[in-house]
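Below is one structure; the comments refer to it alone.
The values are calculated or read from the model by the stated rules, or taken from the named source; none is laboratory data. None of the values given here were measured: they were computed from a predicted structure. Using ideal geometry, Cβ is built from the backbone for each residue, glycine included, and neighbour counts are taken over all protein chains shown.
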Amino acid sequence: MKVVMARQEFELGSQQMGFLRDSNSLINNPDALQARMEEDGYLLLRGVQLNEKVLAAREMIIRNMAEIDQLDTRFPLMDAVVKEGARGAFHGGSKALTRDPAFLNLVESPEIMGFFANFLKAEVLTFDYKWLRLVGPGDFTGAHYDIVYMGRGTPNLYTCWTPLGDVSYDLGPLAILSGSHRIDRLKQTYGTMDVDRDHVTGAFSDDPNEMIERFGGQWQTGEFQMGDVLIFGMFTMHASLTNTSNRFRLTSDTRYQRASEPVDERWIGENPMAHYAWTKGETVTMETARKQWNI
Ligand SMILES: O=C(O)CCC(=O)C(=O)O
């Protein structure tokens, strides 16, 4: 079977495109989970969230999309089939959706907060700012490290990518570049960047083949069922497959850390500051930055 990532086709199960492994067998063993995170740079955990909470969040968002006429009403609304001319949207921090109790009950659920408390062996917090994506047909996310967007607090910060419904290959699930959390020359150049301080575009590459040729490793992905989560560290290169379907891919990505460690001030509080300078004014392209880093 072929999948599309950015503008390139890959055979699933090939040298370039493999599968994420799940870590469910380790779920009650924090030391083993830490070791697995160290080894893989991510944890794929199936069925952590309760289906009823995923569905409630999905329903709330779908209702909003229907109200603003984004969905093709000839199909069941919960399928999120895109109305002709409708586009994907990023609802980061938008309170109407991300402060809705149905959404918060999912991304701040006892299931996920409890998982992180166990994994980090400490009291944990989650950023108040939430990232919510309605990814439309043809859209994808380029390869990046999250540290460049949220690196002002502890580096022991984790992203939890949560599908708000099943995400099959054609909806464009997330993919991880294996071994990317150990590539020192990337971590010491791109990985020290801050998009608000340096005014550089954030994504490292829209060319998944180039990434493998340059840095080695394999892109790894999988299909997700509601309830599954993909958790990864700040220095794990990730991107998404391309949404080749006629439906919206609804997913959120939210952040968790020990409550006792420094927090990136842009993402906390009632009205988080968020990115204040990124892509505003003169911006250095990633191409230019990469030439300077010689990478
Ligand atoms: O869902 C996506 O397409 C991107 C998500 C992402 O970059 C993240 O979880 O950090």
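Each residue in region 144-159 was checked for being within 13 Å of the ligand (Cβ to nearest atom), under 13 Å from Gly41 (Cα atoms) and not in a strand (DSSP E or B), and 3 pass.
Scan Asn29, Asn51 and give me the residue that is without any contact (Cβ under 8 Å) to a residue 60 or more places away in the chain and polar (S, T, N, Q). Matching residue, one of Asn29, Asn51: Asn29.
The strands (runs of 3 or more DSSP E) found wholly in region 213-295 and carrying at least 1 residues that are within 16 Å of the ligand (Cβ to nearest atom) and under 30 Å from Gly85 (Cα atoms) occupy 219-221, 238-240, 249-258. Part of a loop (DSSP other than H, G, I, E, B), of a type in the set (Val, Ile, Thr) and closer than 26 Å to Gly233 by Cα: which single residue out of Thr162, Thr141, Thr73 fits that description? Matching residue, one of Thr162, Thr141, Thr73: Thr141.
Within region 184-204, the set of residues being at pLDDT 95 or above and of a type in the set (Val, Ile, Thr) comprises Thr189, Thr192, Val195. Among the criteria (1) surrounded by fewer than 18 Cβ atoms within 10 Å (Cβ to Cβ); (2) assigned to a helix (DSSP H, G or I); (3) not aromatic (Phe, Trp, Tyr), the one Gly191 does not fulfil is (1). The test for being within 13 Å of the ligand (Cβ to nearest atom) and outside any loop (DSSP other than H, G, I, E, B) does not hold for Arg185. Scanning region 247-293 for residues that are of a type in the set (Lys, Arg), at pLDDT 95 or above and over 30 Å from Asp170 (Cβ atoms) yields a total of 4.
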